[in-house]
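Every number here is computed from the coordinates shown, using simple stated rules; none is lab data. What you see is a predicted model, and the numbers here were worked out from it, not measured in a lab. Note that each Cβ is placed from the backbone with ideal geometry, even for glycine, and that neighbours are counted across all protein chains shown.
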Amino acid sequence: MAARAVSPPGKRSSASSDRRIVLWIVAAVAVIALFFIVFGPAQEQNDPRPTIYNSGSQGIKAAYLLLSEMGYKSERWDSPLSQLRNADAEHSTLIIAEPILPIKELKPVQAEIAEFLKRGGRVVATGPFGAILLPGGRTESPTRLYKGLCFTEPEGPGALARAGEVSIAVPVRWSAEGPQYQVEQRCGTDAVVVRYRVGQGEAIWWSSPMPMTNTGLTSDANLKLLLASIGPSSRTVLFDEYLHEERESLLDPLQGLPWWPAAFQCLAVAALLLLARSLRSGPLRTPARVPRTSPVEFAQSMGRLYEKAGASGAATEAARGRLLEFLRDQCGIPREILRAEPPAISEALSERFGGDWTELEHHLDQAERASQVTLAPKTALKLVQLLEADHRRLHQHIQSHAHTSMAGR
C-alpha cells in the first residue's frame, strides 16, 4: 500500500487560519454593503431644490462643503429667522436660495432680514422670492425670452463684476430703481446681479441660484461670484434651510452620500484581499525608473526649435493672448471691445479705471502686426517683455483699486 503524504501540522494550521481571516473580511464587507443598499435613502438627481442636502445638479451641497474646505465657517441655518437677533451680524453672511414661505410669514421675515442687515450683516438672496425678502426688492419678467443660460456682461469695477462672465438663469430681472442699487452683472439690458447698502450691512441679489449649484460651481467665474458675494473668509456663512421647509432628522447626515460607489469599492477591496493571498509569494523586482527630462533643458530645446523655425510671432501672439484673457476675466472688458481695435480697449480701460493706457494700446497694436511679419528675436523678446509689463501694471492697478474701494467703505 502506497504511503500517504501528510502535510506538516504547522503549515496546515497557517493556511487554514489565512482562509478564515479572508472569509471573515469578505463576510464583513458583504454585510456593510447590504446595510447601505437596504437602509441608504434614495437621492433623486432631479430634485430642483437648492438645498445643502441635495447632491443633484440643482443642489448646493458642493458649495456648503467647498467653503468649509476653503477655510470659511459654513453652517446650516434651520431655525426661525427671529433667531438672527442672536447672530454676530457684522461677521455673518446669510444665503437664502429660492426661499419658500407662506404669505402670512412674509412681513415678519422681511423685518428680521432688514434688522440683520442694519446691524452689519450680509444677505445673498436669489430668485423672485429672494428679492421680496430684501428691503426695497422688486422684480419683473425679463425683457426677452432666454432659451437657456445667459452669459452675463460685467458692469462697473465692483468685486462682483470682476468675477467675469458668469452663467446664470434669468427667470426674472431686478426692477427696483434708485441710485443705491448698483448693478454688477447684466444679461442684455436685464439686471441679474445687484448689490446695495442697507444700514451697516449689504444686500446682494442674483436672478437665480445657478452659479452656486453643484453644476454651476464647475465654472471659475461662478465660483468667483460666490466668493465675492459672501465676503472674506473671516465671515460665518449661514445656509438657510428653514425657508426650504427642511427639518433635521436622524437620516439627514446620510442623505446624498454615494452609497452605490461605496458598496462597489468595498467589494473591490474584498477582491483585492483575495488576490493578495496568491500574489504575496510572487517574485520581487525593483520598479523601473523612467528618466525625466529637466524642465530647463526642455525650455532650451523649445527655444532652439522656435529660433530655427523663425516663429517669433508665436511668442508675441501667446503674450498678447494672455493679456487679452486678463482684460476679459479680471478687468471685465466685454468680448466685443476686445475684438475691436486697440484704441477701443484703451478707451474702455480709461473709462473703467481712469489713467492713460496709450502704451498698452501701442503694444497691442505692435503684437497684432507681428503676427503678419517675422520679427527679429531681440525685437520679439522686447515686445513680449512689454506685454508682460502691461499685464503686471493692470494687476497692480486692480489690487490698489480694490483696496481703495474697501477703505472707502
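Brief remarks follow.
- Cβ crowding within 10 Å averaged over residues, with 374-380, 123-129, 91-97, 326-332 ranked highest first: 91-97, 123-129, 326-332, 374-380
- 3J(HN,Hα) along segment 27-34, derived from phi through the Karplus expression 6.51 cos²θ - 1.76 cosθ + 1.60 where θ = phi - 60°, amounts to 5, 5, 5, 5, 5, 5, 4, 5 Hz, with x in place of Gly and Pro.
- Inter-label distance, nm, simple model (7 Å from Cα along the C-beta direction), D88/L23: 5.9
- Close amide H pairs (under 5 Å, H built 1.01 Å from N) link K73 with V237, residues at least 5 positions away or on another chain.
- The residues neighbouring D356, those whose beta-carbon lies less than 15 Å from its own, together hold a net charge of -3 under the Lys/Arg +1, Asp/Glu -1 convention.
- Sum of side-chain charges, V170 neighbourhood, beta-carbon under 13 Å (Lys, Arg +1; Asp, Glu -1): +1
- Taking amide H as placed 1.01 Å from N in the peptide plane, D47 has no amide H partner under 5 Å among residues 5 or more places away or on another chain.
- Here the extension length gained between T236 and Q399 equals 56.2 nm, from 0.36 nm per residue of separation less the Cα-Cα distance.
- Dipole magnitude of segment 20-122, debye to nearest 20 (Cβ charges: Lys/Arg +1, Asp/Glu -1, about Cα centre): 100
- About the Cα centre, charge dipole magnitude for segment 100-257 (Lys/Arg +1, Asp/Glu -1 at Cβ), debye: 380
- Listed residue (M210, L225, T189) projecting farthest to the positive dipole end of segment 61-247, Cβ model: T189
- Listed peptides 80-86, 187-193 by packing density, highest first (mean Cβ within 10 Å): 187-193, 80-86
- In terms of its C-alpha gyration tensor, segment 104-184 comes out oblate, because a/c is 1.5 or above while a/b does not outweigh b/c.
- Evaluating 6.51 cos²θ - 1.76 cosθ + 1.60 at θ = phi - 60° for every residue in segment 79-96, the Karplus couplings come out as 9, x, 5, 5, 6, 5, 5, 8, 7, 7, 4, 5, 10, 9, 10, 9, 9, 10 Hz, glycine and proline recorded as x.
- Taking a sphere under 13 Å around the Cβ of A318 and counting the other residues whose Cβ falls inside, with K and R at +1 and D and E at -1, yields a net charge of -1.
- For the pair K73 and A111, label points projected 7 Å from Cα toward Cβ lie 2.9 nm apart.
- L94 long-range amide H proximity, modeled H, under 5 Å: R122, V123, V124, L238
- In plain terms, the chain from T218 to E325 could stretch by 36.6 nm, reckoned as 0.36 nm per residue minus the Cα-Cα distance.
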